[in-house]
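Remarks on the structure that follows.
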Amino acid sequence: MTDTEYRKLLGNSPAYFRRVLVFMRDTGCRTGELCALRWEHVDLGAALIAMTKHKTGHATQAPRIIALCPVVIKLLQRIRASRTIETEADHVFLNGIGLPFSRHVLAHRLRRIRKRAGISDEVTLYTLRHRFATKALRNGVDLKTVSTMLGHTSVRMTEHYLHYAGSEHLKKAIALAVK
């Protein structure tokens, strides 16, 4: 997903869906993780999300930890502050009528936004996860750390992002290696 495509998605999305796009772009989380995210998982003070039930939980026996950058912390604070007692819900991300999202509803919403924005069908919510991983590698984050950030059980699952990252990460690595 290019920056232009991302901006077009944001510009053609309602506020509740823009929150989804920003969160996924800046956390690298899976769509299912976003749908399952509850306030009990969020620790804004520690800048972390810890989910005990997640895709790889059966293999790792460890919680899925998602670190939060300042943009996401502010986003979550705004979401939390906007909730009233009448609309208070356990789930963090709610659709336009106040119900938790499902992966299918998110995909359907994105198809409509993509069409309105004139963006390729190849752009999916999962593309934001790929973008997150590729950007991290290009910016010099090591493969093991990116693997942990994505919640992968091994770096082998993360290695294919090296193909998308190009050679820039290697140039940065050699500069650090010979420093």
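Every number here is computed from the coordinates shown, using simple stated rules; none is lab data. Keep in mind the model is a prediction, meaning the values are calculated, not measured. Using ideal geometry, Cβ is built from the backbone for each residue, glycine included, and neighbour counts are taken over all protein chains shown.
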Can you give the net charge of the other residues whose Cβ lies under 15 Å from the Cβ of Gly118, counting K and R as +1 and D and E as -1?
-> +4
Where does each of His130, His160 land when they are ranked from fewest to most other beta-carbon atoms within 10 angstrom?
-> His160, His130
